[in-house]
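What follows is one structure encoded as structure tokens, with my remarks underneath.
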Amino acid sequence: METIEESVFARKRWVLEKMRAFGFRPVGDGYVLERSFLDGDFKAVLSVTEKGAVTGRVIDAISQDDYYQLRQKNATGAYVNTVRAAYEQLLEDVAAACCQDVLFASDQANRLTQCILERFQVEPDFPWERAERYQSYGTFRHASNRKWFALIMRVKRAVLDKDGNPALVDVINLKIPPEHGEALLQLPGVYPAYHMNHKTWISVVLDDTQTDEAIMAWIEGSYRLTE
């Protein structure tokens, strides 16, 4: 399951100069920020690795213990909701001060977005951005007929591997000739399309399992098939 921190920072990239100015201090191979909130009743400790991964702790100022209720789904009382909302607001403030926005969570998705812009002069649109579950889904459309030729989504690994893995990953859905499906599905990182016709669409994981060049070739094929 996605953590509070992952949800806030998924489509952000850290800017080191801004982090330092905001109060992050170097610790080991990363940076740490400590901030009190809710009138000093709690302390947030954020740790950011050199690769930008974020973890956080919320510590009760009186007991000096981690406030575990923060992450318990079944903890829905007024007090825990107040703490949770205040912590999320603190994270949003940190993101606004220390990060720059990116369109997608994975580096490969953002690189391919730039390649699509340069090759086809198409930028993604986000038709479900008001729906929390689907707000990161970006579609790439033909200017002429508004048909999709690519769709980038952030989904759980479990929907691809059917193994219960809750980790989130960016995937791109692309149209293919039906006769190419069997061969493509033998390749690592390529799956039957999530939420689309398995005979004519594939999902490709954007975690650098496949190269940008290989995926761009499939994108170009999808573009032609949807004209």
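The values are calculated or read from the model by the stated rules, or taken from the named source; none is laboratory data. All figures in this text were calculated on a predicted structure; none of them were measured in a lab. Cβ sites come from the backbone with ideal geometry, for glycine too, and all protein chains shown count toward neighbours.
A few points about this structure:
- Hits in segment 62-74 (condition: surrounded by 15 or more Cβ atoms within 10 Å (Cβ to Cβ) and among the hydrophobic types (A, V, I, L, M, F, W, C)): Leu70
- Selection from segment 1-20 of residues that are touching a residue at least 40 places away in the same chain (Cβ under 8 Å) and either surrounded by fewer than 14 Cβ atoms within 10 Å (Cβ to Cβ) or in contact with a Cys (Cβ under 8 Å, 6 or more places away or on another chain) (or both): Met1, Glu2, Thr3, Phe9, Lys12, Arg13, Trp14, Val15, Lys18, Met19
- All positions within segment 36-59 that are charged (D, E, K, R) and either touching a Leu at 6+ places or on another chain (Cβ under 6 Å) or under 21 Å from Ser106 (Cβ atoms) (or both): Glu50, Lys51
- Condition broken by Thr113, with the remaining ones in (1) in contact with a Gly (Cβ under 9 Å, 6 or more places away or on another chain); (2) assigned to a strand (DSSP E or B) satisfied: (2)
- Selected residue [of a type outside the set (Val, Ile, Thr), outside the structural domain of Leu168 (by TED's automatic domain parsing) and under 29 Å from Asp125 (Cβ atoms)] from Ala61, Ala96, Ala78, Ala21: Ala96
- Residues (without any contact (Cβ under 8 Å) to a residue 24 or more places away in the chain and part of a helix (DSSP H, G or I)) located in segment 185-227: Glu213, Ala214, Ala217, Arg224
- Matching residues, segment 182-195, being of a type outside the set (A, V, I, L, M, F, W, C) and either touching an Asp or Glu at 6+ places or on another chain (Cβ under 9 Å) or surrounded by fewer than 16 Cβ atoms within 10 Å (Cβ to Cβ) (or both): Glu182, Gln186, Pro188, Gly189, Tyr191, Pro192, His195
- Selection count where residues are outside any strand (DSSP E or B) and either more than 15 Å from Phe37 (Cα to Cα) or touching a strand residue (DSSP E or B) at 6+ places or on another chain (Cβ under 8 Å) (or both), scope segment 54-88: 18
- Residue in segment 24-61 that is surrounded by the most Cβ atoms within 10 Å (Cβ to Cβ), counting only those that are farther than 15 Å from Cys98 by Cβ and touching a helix residue (DSSP H, G or I) at 6+ places or on another chain (Cβ under 7 Å): Val58
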